[in-house]
Amino acid sequence: MSHFDNYVHLLRDPKFSFEGDPLAKKLLVSEHGDFQTFYAPFDHINLQAKIVICGITPGKTQAFEALNTIRASLLNGDPADVAKQKAKEAASFVGLMRTNLIKMLDHVGVHELLGISGCAALYGSQKHLVHNTSALRNPVLKKGENYTGRSPSLVKKAEFLKVVEQGLAEEIKAMPSDCIYVPLGEEVWNVFSHLESKGLVNPAKVIHGMFHPSGASNERIAYFLGKKPRQELSKQTNADKIDMNKARMLATINALKEAIRV
């Protein structure tokens with residue numbers, strides 16, 4: 001599923017600009033109607049991971065961070081594998097998303113499950129424990145904007161489901177048997193439910209219920225973390241659903257902790 005070899009000449013060219021809206025046309029991988037898929041270097045797979053955190057698809061901010069990081073690394077003389085790892089580690093959930101993600105993971109005790117002081121370490125001293133990935137590895141834009149996994153649903157679009165089964169499913173197969181999985185957002189929960197139905201991932205290892213950590217989820221995240229009371233929520237935020245998903249997550253995490261103790 002890696003397209004690195006097709007685009008490495010651009011990655012090594014300091015005169016080529018990655019910036020653009022949408023992404024630079026020379027990085028176009030495929031196009032289907034309103035949807036365009038572009039290459040960005042999210043190829044690295046951490047085969048020693050104890051936890052896999054899965055988003056929908058890299059956004060433009062993450063893509064530019066990955067592209068700029070890999071170029072700097074390659075021009076510095078780093079081997080391709082080292083450059084790809086640096087790009088993946090620098091760009092995965094970079095920005096506010098990473099901050100929100102760490103808070104939510106800690107809130108439900110994922111750090112305790114991993115035996116670390118806090119999940120911020122997954123993006124620092126304990127980065128060897130995490131594999132960050134997406135249902136769609138390469139950035140997908142809809143009419144030039146980040147695809148949210150909806151309209152249509154990712155699992156209802158045949159081209160995307162094929163990418164999931166050829167890409168994400170293969171990553172999961174390569175992971176250690178004791179690895180746990182955290183899909184982010186309802187559309188990615190559906191992706192994992194699909195993979196579970198095909199026997200491609202163990203449902204007992206999947207922590208369903210975590211929001212996507214984008215700014216669009218800020219109010220839900222605030223309630224989830226106990227920082228905003230129910231009575232102050234807008235009509236768009238379903239507190240009962242948040243409580244239900246939080247309880248589901250805690251039940252799964254407690255079951256995983258118990259399995260470790262046995």
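The values are calculated or read from the model by the stated rules, or taken from the named source; none is laboratory data. Worth saying up front: this structure is predicted, and the values here are computed from it rather than measured. Please note: Cβ atoms are built from the backbone with ideal geometry, for glycine as well, and neighbour counts cover all protein chains shown. Just so you know, the surface numbers come from the protein's heavy atoms only, side chains and all, with ligands and any DNA or RNA stripped out. Shrake-Rupley method; radii C 1.70, N 1.55, O 1.52, S 1.80 Å.
Residue ranking by accessible heavy-atom surface, 1.4 Å probe, largest first, among 173, 103, 156 comes out as 156, 173, 103. Counting heavy atoms of the protein chains alone, residue 9 has an accessible area of about 110 Å² for a 1.4 Å probe. Eigen-decomposition of the gyration tensor built on the alpha-carbon atoms of the stretch 13-77 gives equivalent ellipsoid semi-axes of 22, 19, 9 angstrom, largest listed first.
Among residues other than residue 156 with Cβ under 12 Å from its Cβ, the summed charge is 0 (Lys and Arg +1, Asp and Glu -1).
Rolling a 1.4 Å probe over the protein chains gives residue 258 an accessible area of about 90 Å². Count Lys and Arg as plus one, Asp and Glu as minus one, and take only other residues whose Cβ is under 13 Å from that of residue 244; the net charge is then +1. The magnitude of the dipole of the stretch 39-193, with charges of +1 and -1 set on the Cβ of Lys/Arg and Asp/Glu and taken from the Cα centre, is near 400 debye. For residue 125, the solvent-accessible surface with a 1.4 Å probe is about 90 Å², rounded to the nearest 10.
Sorted into 10 angstrom bins from 0, the C-alpha pair distances of the stretch 19-132 split as 13, 40, 32, 14, 1 percent.
Ranking of 69, 148 by solvent-accessible surface, largest first: 148, 69 (1.4 Å probe, protein heavy atoms only, all chains present).
Each listed q (0.11, 0.14, 0.18, 0.23 Å⁻¹) maps to a log10 I(q)/I(0) for the stretch 82-174 from the Debye sum over equal C-alpha point scatterers, namely -0.41, -0.67, -1.02, -1.23. When only alpha carbons are used to place a centre, the stretch 1-73 and the stretch 115-132 end up 23 Å from one another. Between residue 240 and residue 68, what FRET efficiency follows from the Cβ-Cβ distance if R0 is 30 Å, with the result rounded to 0.05? Computed FRET efficiency for residue 240 and residue 68 comes out at 0.10.
Counting only protein heavy atoms and a probe of 1.4 Å, the accessible surface of the chain is 50% carbon and sulfur.
For the peptides 213-223, 133-143, the ranking by packing is 133-143, 213-223, with the highest mean count of neighbouring Cβ atoms within 10 Å listed first.
Accessible surface computed residue by residue for the chain, with neighbouring protein chains in place and a 1.4 Å probe, gives 46 Å² per residue. Seen from residue 68, the other residues with C-beta closer than 12 Å to its C-beta sum to a net charge of 0, counting Lys and Arg as +1 and Asp and Glu as -1. Percent of C-alpha pairs per 10 Å bin in the stretch 220-262, short distances first: 27, 40, 21, 11, 1.
Only the Cβ atoms of Lys and Arg (+1) and of Asp and Glu (-1) were treated as charged; on that basis the dipole of the stretch 153-262 about its Cα centre amounts to roughly 280 debye.
Cα-based values for the chain, radius of gyration first and Dmax second, are 18.3, 57 Å.
Could you work out how much longer the chain between residue 9 and residue 254 gets when fully extended? Use 0.36 nm per residue separation minus the Cα distance between them, nm to one decimal.
Net length gain for the segment: 83.4 nm.
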